[in-house]
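Below is one structure; the comments refer to it alone.
The values are calculated or read from the model by the stated rules, or taken from the named source; none is laboratory data. As the structure is a prediction and not an experimental result, all values here were calculated from the model. Virtual Cβ from ideal backbone geometry, glycine too; neighbours counted across all protein chains shown. Surface areas here come from the heavy atoms of the whole protein model, side chains and all, with no ligands, DNA or RNA. Shrake-Rupley method; radii C 1.70, N 1.55, O 1.52, S 1.80 Å.
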Amino acid sequence: MAGGIAGSQSELMGKMMRAFLPEALFPSERSVRKLLRKLCGTNVDAFENNPELLQHWFYLLKYFNNRSMMKHTITIHSSADIQVIRSKSLFVIGEQDLLSYYPKAVARLEANGMRYRIVNGAGHAINHEMPELVHEEITGFCREA
C-alpha cells in the first residue's frame, strides 16, 4: 500500500502484521489456505477452487523479499491531497477486509466526501472474491464520470 486514507503508519503496519503473520513466515500450501481464509470474506472458494491462484499466492509468500519492505513507506495523505482525487475515486471495500475496513478509515472517507461502497461478505481480495460486482461498480463509476 503506497498511500492510505486513514490511520497512522504504525497502525497500518500493525494491521498488516496481524493479517499476514504467522502464515507468511512459513509458506506452505496449508499456510496459504489459512492466510486466504483470514483475508477473504465468505467467498474464499474463489481461491480454494482455483489451483493457479493458490499456486500464485504460495509463490508470493515463498519468494517474497522481506528486505524490500524495509524501504517501503506508507503515506497518509492530507485532506488537501484527497480533495484533488475526490471526484476521480471510488473505494470498493469488503466488510470483512482486515486491512481496509475499520471505523477510522470509513470516517475519513466520509469526512472527505469520498465515494465508497462497503460490500457484505467480501474481504481484502474482493476483486477475486466478487469479480462481477467489482466490474459493475467500476464500469458504473466510469459511465458517471
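One residue alone among Phe47, Phe58 is within 11 Å of Glu129 (Cβ to Cβ), hydrophobic (A, V, I, L, M, F, W, C) and either open to solvent by less than 50 Å² (accessible area, probe 1.4 Å) or in a loop (DSSP other than H, G, I, E, B) (or both), and that residue is Phe47. Only one residue in Leu90, Leu109, Leu99 is closer than 23 Å to Val32 by Cβ, open to solvent by less than 80 Å² (accessible area, probe 1.4 Å) and within 16 Å of the chain's Cα centre (by Cα). Which one? Of the residues listed, the single one that is closer than 23 Å to Val32 by Cβ, open to solvent by less than 80 Å² (accessible area, probe 1.4 Å) and within 16 Å of the chain's Cα centre (by Cα) is Leu99. For beta carbons closer than 9 Å, sequence separation of 6+ or different chains, a first residue in segment 89-109 that is in a helix (DSSP H, G or I) and a second that is of a type in the set (Ser, Thr, Tyr) and surrounded by fewer than 18 Cβ atoms within 10 Å (Cβ to Cβ), the qualifying pairs are Val106/Tyr116; Arg108/Ser79; Leu109/Tyr116.
Has segment 114-124 got any residue that is part of a helix (DSSP H, G or I), exposed (fewer than 15 other Cβ atoms within 10 Å of the Cβ) and touching a strand residue (DSSP E or B) at 6+ places or on another chain (Cβ under 9 Å)? Checked segment 114-124: no residue is part of a helix (DSSP H, G or I), exposed (fewer than 15 other Cβ atoms within 10 Å of the Cβ) and touching a strand residue (DSSP E or B) at 6+ places or on another chain (Cβ under 9 Å).
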